[in-house]
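Asker: My structure is below; once you've seen it, I'll send some questions.
Just so you know, all these numbers are worked out from the coordinates, no wet-lab data involved. As the structure is a computational prediction, the values presented were derived from the model and not from experiment. When we count neighbours, we look across all protein chains shown, and the Cβ atoms used for this are built from the backbone with ideal geometry, even at glycine.
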Amino acid sequence: MDKIISINDWVPHDAKLELAKAAKEARLKRGWKRDTLSEKTGIPLSTLKRYELTGDISLNQFLMLTFVLGDLDKLKELFASEEPVYTSLDDILKQKPTVKRRRGNL
C-alpha cells in the first residue's frame, strides 16, 4: 500500500526529499540511468545525483527535470486560480451575484 502523505504534514525539507524520490522513481520507470537524464535535461550528472540524495536543486533545473519527465503540466495546478471557468454567457448569468461586504454603517 502506498504511503499517503498529507500536505499539512510536509515541511520544506521533507517535501523536497519526497519530490526528489518521486523524480528518481519516474526516471527508473523509464529505464533511464542518471547519465541519460543528464543528457536529456542538460543538468550535470553530479547535480542529479545530489538532487536524488538531498533534494537540493535550482528552480530552473527542477523545471527542466519535470519537463523532461513529463510532469510540468502538474505544476500549473499549484497556483491555479479558483475563479470559475465559463464556457458560455449562460454560465455567467446562472451565477448568483456575490454580496460585497462593506465596513461601517449602512
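Asker: Please go through region 66-79 and pick out each residue that is surrounded by 10 or more Cβ atoms within 10 Å (Cβ to Cβ) and either small (Gly, Ala, Ser) or part of a helix (DSSP H, G or I) (or both).
Answerer: Thr66, Phe67, Val68, Gly70, Leu72, Leu75
Asker: Another question, if that's okay. Checking the structure you have, find out if any residue of region 81-92 is surrounded by 12 or more Cβ atoms within 10 Å (Cβ to Cβ) and under 27 Å from Pro12 (Cβ atoms).
Answerer: no
Asker: Regarding Glu82, is this residue assigned to a loop (DSSP other than H, G, I, E, B) and under 19 Å from the mean Cα position of the chain (by Cα)?
Answerer: The answer is yes for Glu82.
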